[in-house]
1. Do we have any residue at all in the stretch 300-307 that's at pLDDT 95 or above and among the hydrophobic types (A, V, I, L, M, F, W, C)?
2. Taking residue 97, is it surrounded by 16 or more Cβ atoms within 10 Å (Cβ to Cβ), free of Cβ contacts under 8 Å to residues at least 60 places away in the same chain, within 25 Å of residue 362 (Cα to Cα) and of a type outside the set (Asp, Glu)?
3. State the number of residues belonging to the stretch 318-349 that are over 20 Å from residue 155 (Cβ atoms) and not polar (S, T, N, Q).
4. For residue 214, which of the numbered conditions (1) hydrophobic (A, V, I, L, M, F, W, C); (2) closer than 21 Å to residue 139 by Cβ; (3) at pLDDT below 90 fails to hold?
5. Just to verify a result, which residue in the stretch 298-318, among those that are basic (Lys, Arg) and more than 16 Å from residue 68 (Cβ to Cβ), is surrounded by the fewest Cβ atoms within 10 Å (Cβ to Cβ)?
6. Go through the stretch 280-330 residue by residue and tally those that are touching a residue at least 24 places away in the same chain (Cβ under 8 Å), under 25 Å from residue 26 (Cα atoms) and part of a helix (DSSP H, G or I).
7. Tell me which residues, restricted to the stretch 233-243, are of a type in the set (Lys, Arg) and either at pLDDT 95 or above or not in a helix (DSSP H, G or I) (or both).
8. Would a scan of the stretch 23-44 turn up a residue that is crowded, with 23+ Cβ neighbours inside 10 Å, outside any loop (DSSP other than H, G, I, E, B) and within 23 Å of the chain's Cα centre (by Cα)?
Amino acid sequence: MQITDKHNSGIDVLRGLAILSVILLHIQIRVPFTDTFLGKLMPESIYKIIFRSGYYGVCIFFVISGFLITTSSLNKWESIDKLSLRGFYTMRFARIMPLLVALLLVLSVLHLAGLKGFVINHDQTSLGRAIFAALTFHINWLEIKTGYLPGSWDVLWSLSIEEVFYLFFPLVCLLIRKEWLFGILTFVFLIISPFARTVWFLGYGFEEPDHNHFAYLDAISLGCLAAIIAKRVEIKKSYLTCIAVLGLAMMLLILIFRSIARSMHLGQTGLNVTVLAIGTALVLIWMQKRFAHGQQVPGRYTRLFRFFGRNSYEVYLTHMFVVYIFCEVYYALNLSGEWAWALYISIIFFSGTLGELVAKYFSTPLNKMLRVRLKPVVGNKK
């Protein structure tokens with residue numbers, strides 16, 4: 001778990017917490033932690049915070065993704081009106097597609113082999129249709145129409161939402177040209193997205209009707225706007241502290257103090273995600289300003305989170321293999337009770353290890369190779 005200081009460690013910690021919340025959710029769906037002595041004693045409110053926060057983890061990912069992509073773009077092209085379309089799309093292709101294509105190849109082989117847990121129900125859709133949806137980033141729409149796909153396919157719903165946003169992001173930037181206009185556009189998204197999360201798709205029978213492309217425009221664009229603010233606006237230290245406190249308070253309201261959020265009807269109106277996204281964006285501004293002044297979060301107690309955060313994309317796309325295999329072994333051995341501890345710890349360990357190996361020996365080398373081969377397009381910056 002070698003960690004360097006070339007990245008903003010605070011953002012890595014935030015990403016690490018988000019991906020761990022996703023993993024814990026996916027484990028407890030299959031093996032509830034209530035099987036353990038501690039799980040039986042744990043208040044339901046605490047249980048939900050620890051084991052059922054995966055959805056909010058994905059929402060945090062959306063904000064961080066917008067922040068990092070915009071920060072990288074501003075560092076390379078100085079302003080949004082100077083974005084290179086070919087350069088931007090090439091960088092996204094080099095980062096996203098190698099692992100996505102590899103994942104789809106593996107999932108196709110497992111489906112054709114008839115391996116339980118990886119076979120797509122033919123009554124829902126076909127393998128070819130699922131592959132097409134994944135490669136054209138609308139697997140979320142496919143699931144809205146047909147229902148959940150197997151777990152390793154299902155994780156691609158959020159990737160579909162992100163990449164469609166980034167398909168239009170540079171075009172919008174070149175069209176509006178002014179960074180302050182992006183702030184107005186984000187305000188429009190703040191109106192559209194809560195509506196899309198709660199109203200538009202209530203007629204569908206799908207359990208998660210908010211998996212549409214419009215539902216998280218606010219979260220991703222808030223991350224983009226936060227990157228612009230962090231880059232352009234000078235903020236006094238005292239004000240920066242207030243921003244951090246306010247942002248953290250908004251995040252805790254949604255993540256921890258859920259009864260208060262419910263009493264405010266934030267979930268019913270779709271504003272729970274909006275509040276969480278605004279809070280995350282404020283915290284990211286604070287983290288980026290600290291990073292710009294050479295300040296990092298202490299590494300002694302955050303090493304695990306930083307490790308998972310650095311490999312969050314790889315862990316996210318591959319962790320369901322580990323979850324499924326270990327849960328199948330758990331039930332095959334007829335284990336229960338305190339053995340759930342071993343299951344949870346093992347899945348977390350091997351999910352992180354698999355993500356690290358995939359990042360180190362596959363996705364990162366291919367990302368670098370593609371950028372080098374396309375050097376006249378994207379330049380020599382990483």
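1. From the stretch 300-307, those at pLDDT 95 or above are none; that's our starting set.
Within the stretch 300-307 (the criterion being at pLDDT 95 or above and among the hydrophobic types (A, V, I, L, M, F, W, C)), the answer is no, since none of the residues qualifies.
2. Values: surrounded by 16 or more Cβ atoms within 10 Å (Cβ to Cβ): yes; free of Cβ contacts under 8 Å to residues at least 60 places away in the same chain: yes; within 25 Å of residue 362 (Cα to Cα): yes; of a type outside the set (Asp, Glu): yes.
Considered against the rule, which asks whether it is surrounded by 16 or more Cβ atoms within 10 Å (Cβ to Cβ), free of Cβ contacts under 8 Å to residues at least 60 places away in the same chain, within 25 Å of residue 362 (Cα to Cα) and of a type outside the set (Asp, Glu), residue 97 comes out as yes.
3. The number of residues fulfilling the criteria is 13.
4. All conditions are met except number (3).
5. First, pick out the residues of the stretch 298-318 that are basic (Lys, Arg): 300, 303, 306, 310.
Going one step further and asking which of them are more than 16 Å from residue 68 (Cβ to Cβ), we end up with 300, 303.
Working: 300: 6, 303: 15.
Among residues in the stretch 298-318 that are basic (Lys, Arg) and more than 16 Å from residue 68 (Cβ to Cβ), the one surrounded by the fewest Cβ atoms within 10 Å (Cβ to Cβ) is 300.
6. Summing the residues that are touching a residue at least 24 places away in the same chain (Cβ under 8 Å), under 25 Å from residue 26 (Cα atoms) and part of a helix (DSSP H, G or I) in the stretch 280-330 gives 26.
7. First pass over the stretch 233-243, keeping only residues of a type in the set (Lys, Arg): 236-237.
Residue satisfying the conditions is 236 alone.
8. Going through the stretch 23-44, the residues crowded, with 23+ Cβ neighbours inside 10 Å turn out to be 23, 27.
Among the residues that remain, those that are also outside any loop (DSSP other than H, G, I, E, B) are: 23, 27.
From what's left, within 23 Å of the chain's Cα centre (by Cα): 23, 27.
Yes: one or more hits.
The values are calculated or read from the model by the stated rules, or taken from the named source; none is laboratory data. Everything numeric in this text was worked out from a predicted model, so none of it was measured. In this analysis, Cβ positions are derived from the backbone assuming ideal geometry, glycine residues included, and neighbour counts consider all displayed protein chains.
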